[in-house]
Structure formats: structure tokens, C-alpha cells
1. Right, residue 376: out of contact with any helix residue (DSSP H, G or I) (no Cβ under 6 Å at 6 or more places or on another chain) and under 30 Å from residue 343 (Cα atoms) or not?
2. Answer yes or no as to whether residue 295 is in contact with a helix residue (DSSP H, G or I) (Cβ under 6 Å, 6 or more places away or on another chain), modelled with pLDDT of 90 or more and not in a loop (DSSP other than H, G, I, E, B).
3. Against the conditions (1) outside any loop (DSSP other than H, G, I, E, B); (2) over 24 Å from the mean Cα position of the chain (by Cα); (3) free of Cβ contacts under 8 Å to residues at least 60 places away in the same chain; (4) not assigned by TED's automatic domain parsing to the domain that holds residue 639, where does residue 678 fall short? Just the number, please.
4. Can you find a residue in segment 63-75 that is within 21 Å of residue 257 (Cα to Cα), surrounded by fewer than 18 Cβ atoms within 10 Å (Cβ to Cβ) and at pLDDT below 95?
5. Taking residue 537 and the conditions (1) over 30 Å from residue 228 (Cα atoms); (2) in a helix (DSSP H, G or I); (3) modelled with pLDDT of 95 or more, which numbered condition does it fall short on, given that it satisfies the others?
6. Output the number of residues of segment 346-394 satisfying the condition of being assigned to a helix (DSSP H, G or I) and at pLDDT 90 or above.
7. Select from segment 689-707 the residues that are under 22 Å from the mean Cα position of the chain (by Cα) and under 23 Å from residue 719 (Cβ atoms) and list them in ascending order.
């Protein structure tokens, strides 16, 4: 809510009543973190952990109002390097041998008391107001407690706002928590019971070691762990406590906008975003970490010792969303616990990476958490396959884990005939190919029935997705009284186990080289010369003999060149200005189907900063040589130097000297909805006539298809697409219709139109 400055007098933070543009998320630094980083070899300080000595903002360390040091790097196996800040004369801001004084916490709190009380009262009112509005409508109110600093503060505020009988506390024990978190949980549970507040622990029936081997290690894309170990157990626990399957509750959640770009767009109150069919209230949404810590000190609340050891977050150990310095501190503090997950990654890895150092690099640089399927796992046995053969969709299931006759109950009446034939170790299912176009949505669920039957491991996520309690795994799979709501199908690929272990189309073998342009990715002056000279460019240019075929490939796959002649696409782009956002939006819509650019788009998440080594390992993991990986990384820089990067914000790199250090793909700045329409038609055409689809499908980038969604190409979210689709439906009804029910659940493109026809709109 408030901005802050560093206070030299107390060594703490000083809030002020201005509104911050952003927070640097400061956190207190205790002696254990100082020791790990090597401060103890330069300075004197008492080894006590009641009071912090410094404050950290990301990698910057502040002492008594001055930034005195920075850290650099840090991996799973290497500690971050300490670099001291120098003054204008080249001397250290904090001289060697100085005795460090702890933060005067009491004085800091007193200086901030007035603003703290304002923050507290505003938040308490929000918590009570939502309780008062919904208490006669909902079955329960509960605090989602994690043992971290935010949930500690949230719980204290809820205690002050609500009657003790008005809510319960639920700790989702993933089995992957920091060891120190369990100490916090024990203490808080005891406190709650003393105060007459019900406290529950929700635990999955899977141990993490078991689930990681069943599903494969989780990754940034395949975060099955959140459903299996967190949301499903919590739902089951609340059903047990309340005695009803169709309960509707309000979950007080410690989400804060300052924590991430994604969370910055959250609302205080929402329905169904955190958990289907449930309300959530993000009570401390606008709090910064400065205010969180200030409140903790002011109210003498429990501090998780993991923070005092230098961990900036507490949640799951060795989370796939982590990395770098965070991994370093986790392993330094909890080596035994972290290594058990590393051992699983090593034991489930099917790739022969040659030696232990290569495997270590694969883990350290993020190769393990970049996986998108089961291709590199030795536990990925395909129990489900489908193909089009002789005018039929043929589904093959081998060694199924559950009964398809139970899962098919979720579909209700089936509007077509199908043929099921038993085989030695399973069965096949046949339906006419035409049904894929006649019943696309139903066929999707039909296939999911057999994916579930083939791969279900009883994670119970389907059970918790069912709002009517029709699915049970208590004594093996039983589905009774199904109302055919389809919620059990609203899971990635219908089954989390299948989704995590599935093999890519073609068994994961690359039909074309990802390295499309060798060391000759296009340059700005090449593109400029092409549009200036057009067809004459090939008789008057400065390209070398190896550059010509690479540039021609770029132009062909951008839709600008065909048979050495400029295309209609090129003519349209020339007319609207080849350097414009719209021009490069059209180019990118075509270029997305080039194997190299497709790899960037499908594998580099928008806004995520990838170290060069990580990208290299990701490429090596799909059989790209080290040399080719270097070319692909260097080519990304070239693309970013085109208007593709400078105008459209495709991406950016950071460099140290002449060496690329990081790669980041950016969200497009595109505002021309005609380009979006063009991209939608390219998507439909690549999917061989897939002219009717949902916005949910466009936003689901885990679905394997030849077509690439404009949401993935440009980094658009649901709100962006709704805005574009609104405008397109109103202005170009002869091309597109979007039905605005169920969150834009139906988008239809006119089948008598093509992407080429869209160009006429420019």
C-alpha cells in the first residue's frame, strides 16, 4: 500500500504515505544468511537470530540505509558470489572489520506504527465485509495456511476480524515443505486449538517420492503437483469436515500483487479462479513485503526459520518454478531433503547425457523443469494412442489401469456408434473419421475417456472436480449418478498422469532441423534492402553465398517470397509500411510455423528470463547439438534486433561483452485486431480446417497440434483475446463470430474465407 525507504537510524525500513509504483520486496537478513554468503570473513557480528542485521532486495544487501553488497549467480551446487559495493573513491561502502549492529526492530515499529494501524484496519474491514456479505450464503470460511510470512499475517488479521467460530484453518501439507515449516505448523495449530479455532491438515494419499515416479518430476508447464498435493487434498478434507460434496466456501488467501507480474492482475474477490466452484478473497493483495515484515515484528508473530537461513520464499522444496540463488540456499540449508528429489530426477531420466557433469548441468540449468511431455522419462510407457487410419479414428489402449466402462458414464448418451475390440493386453476403439468434424467437442471427451482408463493412477483430482460427488476412489473407481457436467474432463488432456507422461506426436523425433538459419539469421539491413529493391534484390545485394539461401528461407517462411518473387503478403506489408507493428505481426503469424521460431514460441514462456545455459540444455534435450544450440541462441538476438523485437516486443537478450547471458520472450504490443484474425485463420488452416474452437482451447498451450494459437505467438491473455474477439465480431462478421456465453466458449471462423482473404482488410 505504501512506499518505503531505508532508515539509517534504526537500520530498518520507513514507510511513507506515497503510493509505490512497484515494490522491491525487501526481506530481513539474519546471521545465518550472512555466514553462508561469507560476510563473517569481513565483519564482526553476534551469532543471534532474534534480530536481523540487514535488508535484502533481490540480490542487493542494505545496511543502515546504504547498499553495501550484491550477490551474483548461485546454482543448486554453487553458492552465490558476494560482491561489495564501492564508493566514488573505489573504497568499500562498508569497510572490512566493522562490527555490525542489529536492526532496532522496536524503534522501527514505533516509527511506522501510525501507518501500520491504517493498513491493518483497512484490511480487517475488507475481511469482515466479505464475511458479512456471504455468511448466510456459504457453507464455510477458511484460511489457506502455508506456514509462510504472508499466511502468518493473514491468519492474524482474520483472527482480529472474525469470530473464532466463524472460520477454520486448513494447512495443505504437500509433503514437500521446508522442514522448518512443520515447526511453524505445530505451533500455529496449538495456538488455534487453544483459542477455539478449528485447524486441519490436508494431505495427499501419495507420498511425493511416489507421485514423482508416477507422474514424472513436475515442470514449469506440467505442474500436476499443485492439483495432486494441494488443491485435491484440501477439497477432500473440507468435504469430510463439512459432510457434503457440493459445499461452497470462501477461501482467505495470502496472495499479494507485488509477488509477481501475474498476481498483479488479481482482484480482491473472485469465484472459481483458485478452485472450481469456490470463492476466494485475496485479503492482503496490496501489501508489500515491507508491510508484511513490519506487521510481523509489530505483533510478535512466528517467523519461519527458513527465512532466517536466507530463503526468500517457503513453499515446496525444489519447486520447478524456482532456480538460481533460491535453489542454492535450499540445498545449502536442507541438502538431505533436496537431494531426495534430485535423485528422483536422475533415476527417471531416460536420456544418456554421457556423464555425470552433463546430468548435473541438465538439473542445474533447468533442463529438468523445462519438460513438456514424457519424452525423456524412462517411466513413459504409452498406454493410449490414437491415429487416423482408413477413414477411421483408431484408439489403442494397452494395459489399462481402470475400467473404461466407468469413465464412459461421464458422457451420458453417445450420439454415434463405436466399435470396441479386445486385444491381448487391452482393446481398440474405432469410430468414423467424419465424426471429428461433426462432434469435435464430444469426440475430445470421448478420447479422454480412454486416456483416463489407460493412465489413471487414482490421484482423485477428477473426484474433487466433480461437484456432485458422483466419482469415488475409496474402493476402486466407481461412478454413480453422474449428471454429465463435464467437470472431470476439465483437466489437462482429461488425465494428469497421461498429460505428464504422453509422448509428442511422432514419438518426439524432429522431422526438420530446429536450426533453420545456421549462423545466418536475418539482419535488419537485409530486410530493408529486400523491401527497397523487391525482386531486383537478388541481383543487387551484399549477401555472401551462405547468407543468400538462409535469407531466402526466412522470406519464404515469412510468406514474403515464393519462386524468387515477392508475394501478395509482401505487397500488403510494403503498402502498410514494412517497419510497422502490423507488418511484423503478419510476418510472425507466418514465421511461427518455421521450426526454429516455433521452438522459441512454444518453449520460451512470456516474461521468463532464461539463462543462456538453460536454453542450451533445453535444446540439447530435444537432440540439438551444442553447436546448433549456440546458433539458435545467437539467432534469437538477431530476431530481437529486427522490428520483430524493437516494434513488436518479440523478445530481448542481455549480454556480457559479446556473450549472450539471458534470453526473454516478451508480450506483444500489437493492437491491430486484423493481425489477430489473420493469425486465427493460419491456426485453423494448419489444423486442417479447424474453424470452430473455444477461447479456452486457444489459451491451452499444452494441447499438441500443428496449429499455433495467437495467444501463444503474441503472449495474449484471456482479457486481451476477449477484447480482440469483441472488436472482430462486430467489425468483420463476414469472417468471424464469437458467441459470448460461458466466457467466449465458441469462436467460429467462416470456412469459405482464408488467411489470404484477411489480407484484403489491410
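The values are calculated or read from the model by the stated rules, or taken from the named source; none is laboratory data. As the structure is a computational prediction, the values presented were derived from the model and not from experiment. Every residue, glycine as well, gets a Cβ built from its backbone with ideal geometry; the counts of neighbours run over all protein chains shown.
1. Answer is yes for this residue.
2. Here the answer is yes, as residue 295 does meet what is asked.
3. Every condition holds for residue 678 apart from (3).
4. No, that holds for no residue.
5. (3)
6. Selection size over segment 346-394: 3.
7. Result: 694, 695, 696, 697, 698, 699, 700, 701, 702, 703, 707.
One line per residue, one yes/no per condition, for (1) in contact with a helix residue (DSSP H, G or I) (Cβ under 7 Å, 6 or more places away or on another chain); (2) more than 24 Å from residue 372 (Cβ to Cβ):
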site	(1), (2)
584	yes, yes
607	no, no
615	yes, no
665	yes, no
